[in-house]
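The values are calculated or read from the model by the stated rules, or taken from the named source; none is laboratory data. These figures come from a predicted structure and were not determined experimentally. Here Cβ is always computed from backbone atoms with ideal geometry, including for glycine, and neighbour counts include all displayed protein chains.
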C-alpha cells in the first residue's frame, strides 16, 4: 500500500506543473483556451532578406537575442533561461511549438522544448530577461 501511495504522489508531482496540458505555442481561441477553433496567433512576417538565417543550435538562450535560425521540420532544440521562475515566452506563428519542460529536481533554470512542426516562421519572445528569436521551418 505504501508503494502505491508513493507512486501516486510522484505522478501528481510530475503532472502538477503541466497546467492545461497544451504546449505554450499551441494556438488559442479568442477566449484564451486552446482548441481547434480560430487561432488568435498570426503567422510572423517573413524574415528580412538582408539577414541570413543560421541552423538552430542544440540550445538557445537569451544571449541569442535577435537571432534568425532555420530548423528542419520534425527537429527539436532547447530554450533555456537561468531564472527558474521566468514566465513562458510569447509565441507568434504556428511552425514551432514551445513546450515547457518539467524539471523534477531544482535545476535553477527554466527550459522549453522547441519543436519544428510545419513550414513557416515563428517568433519566440521572452521577458525577464528580454529576448526575441525568429525560427524559420523550411
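Taking the listed residues 102, 97, the one that is at negative phi, in contact with a helix residue (DSSP H, G or I) (Cβ under 9 Å, 6 or more places away or on another chain) and either assigned to a loop (DSSP other than H, G, I, E, B) or modelled with pLDDT of 95 or more (or both) is 102, with no other qualifying.
Residues checked against (1) modelled with pLDDT under 95; (2) in contact with a helix residue (DSSP H, G or I) (Cβ under 9 Å, 6 or more places away or on another chain); (3) under 21 Å from residue 138 (Cβ atoms):
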residue: 34; (1), (2), (3): yes, no, no
residue: 46; (1), (2), (3): yes, no, yes
residue: 64; (1), (2), (3): no, no, yes
residue: 83; (1), (2), (3): yes, no, no
residue: 88; (1), (2), (3): no, no, no
residue: 106; (1), (2), (3): yes, no, no
residue: 109; (1), (2), (3): yes, no, no
residue: 112; (1), (2), (3): no, no, no
residue: 116; (1), (2), (3): no, no, yes
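Conditions tested, residue by residue: (1) under 15 Å from the mean Cα position of the chain (by Cα); (2) buried (at least 17 other Cβ atoms within 10 Å of the Cβ); (3) farther than 13 Å from residue 125 by Cβ; (4) touching a residue at least 40 places away in the same chain (Cβ under 8 Å).
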{"position": "66", "(1), (2), (3), (4)": "no, no, no, yes"}
{"position": "69", "(1), (2), (3), (4)": "yes, yes, yes, yes"}
{"position": "76", "(1), (2), (3), (4)": "yes, no, yes, yes"}
{"position": "93", "(1), (2), (3), (4)": "yes, yes, no, yes"}
{"position": "98", "(1), (2), (3), (4)": "yes, yes, no, yes"}
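In the range 118-138, which residue that is touching a helix residue (DSSP H, G or I) at 6+ places or on another chain (Cβ under 8 Å) and surrounded by 13 or more Cβ atoms within 10 Å (Cβ to Cβ) is farthest from residue 56 (Cα to Cα)? Checked the range 118-138; the qualifying residue farthest from residue 56 (Cα to Cα) is 129. The numbered conditions (1) under 19 Å from residue 51 (Cβ atoms); (2) assigned to a strand (DSSP E or B) are all true for residue 63 except (2).
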